[in-house]
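Heads up: the structure comes next, in structure tokens.
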Amino acid sequence: MQRKNNNNPNVTVAQSKQKWITIKNLSYAVILLFAPLSSAEKDKTKILHLVTEHLPPYQVVIKNEVISGFAIDVIKEIMERSQYSYTLNSYPWTRSYKLAQQKADHCIFSMVRMESREKIFKWVGPISFVNQTSLWGLQEREIEVKNLEDAKKYTVAVSRDDMTHLGLLEKGFKEGKNLYVIENTKSLVHLLLNRPEIDLIIADIVTIEYHIRLAGAVRSQLQRVYQVKELPLNFYFACSKKTDDKIVQHLTEKLQSIYQDGTYDLIWQEWRERLIDQHGN
């Protein structure tokens, strides 16, 4: 026979006990709902905003298709290993650059690390290594450049705020004198082919092939005038100064783990055939 609750003869002791457990559980649920999250739980709710540009084959942006590319694969592997959620968007370089400068929790790639940028970003680490940055001109033009100082006699087209622009400014080039600044890299070869006042463009040995195809040109129309060893084109992953140091350090550790366990090499091997130029350079 079930015992009655003395305070309420219509409710059994077992029913009272079950009611108390339910109330207790609800109380715990309310406490958990409003209790502050632990640091680990907070990290899981943090969203990082990654920005980049169309820079084949590192970042390939095609309308209505998922962003792809060698650097994209490296970045996605980093974020897969991280404890953060993220968004990934491609914009013209100038916009991406400004967002990564001004906004907290915004990170950018693929960006060359250089003196003028050193103190305005927090650097996660290198994601690709390409040292063959060169000046390119039309095959039909007689242009002689034996050193970077010689190049100042010509007009070089560069994309605003990228390594070629800032790097040449650091080397003493002047906008409006020997630098012609455009808003994105898509027009480089087109300008070289159609604007006689443009003598040279600057690009690495890998991306020049994509610029040529984009302009509907062929490699034989261009000549490599001078390899600019003064501007090594190593691409980095970096975050805004307003991004927490803990986040940057965490991403750095995940990037290092990709190098250490061989994953980076596997990604590189997969993309290698797409990264070499037609002449095997």
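Structure notes:
- Across segment 62-80, the qualifying residues are those that are among the hydrophobic types (A, V, I, L, M, F, W, C) and part of a helix (DSSP H, G or I), and the one among them that is modelled with the lowest pLDDT is Phe70.
- Only one entry of Ala151, Ala217, Ala157 meets the criterion of being closer than 20 Å to Pro92 by Cβ and among the small types (Gly, Ala, Ser), and that entry is Ala157.
- Condition check for Ile143: out of contact with any Gly (no Cβ under 9 Å at 6 or more places or on another chain) and either modelled with pLDDT of 95 or more or among the hydrophobic types (A, V, I, L, M, F, W, C) (or both): no
- Figure legend. Inter-residue proximity from segment 131-147: first residues in the same structural domain as Val206 (by TED's automatic domain parsing), second residues surrounded by fewer than 17 Cβ atoms within 10 Å (Cβ to Cβ) and of a type in the set (Ser, Thr, Tyr), beta-carbon distance below 9 Å, spacing 6+ or different chains. Indicated pairs: Gln139/Ser220.
- The criterion of being within 21 Å of Gln132 (Cα to Cα), among the hydrophobic types (A, V, I, L, M, F, W, C), touching a residue at least 12 places away in the same chain (Cβ under 8 Å) and buried (at least 22 other Cβ atoms within 10 Å of the Cβ) holds for Leu188.
- Here Ile202 qualifies as aliphatic (A, V, I, L, M), outside the structural domain of Tyr58 (by TED's automatic domain parsing) and modelled with pLDDT of 90 or more.
- Failed criterion for Leu222 (all others in (1) assigned by TED's automatic domain parsing to the domain that holds Arg141; (2) modelled with pLDDT under 95; (3) surrounded by 15 or more Cβ atoms within 10 Å (Cβ to Cβ) hold): (2)
The values are calculated or read from the model by the stated rules, or taken from the named source; none is laboratory data. Owing to the predicted nature of the structure, the values given are computational and were not obtained by experimental measurement. Glycine gets a Cβ as well: all are built from the backbone with ideal geometry, and neighbour counts include every protein chain shown.
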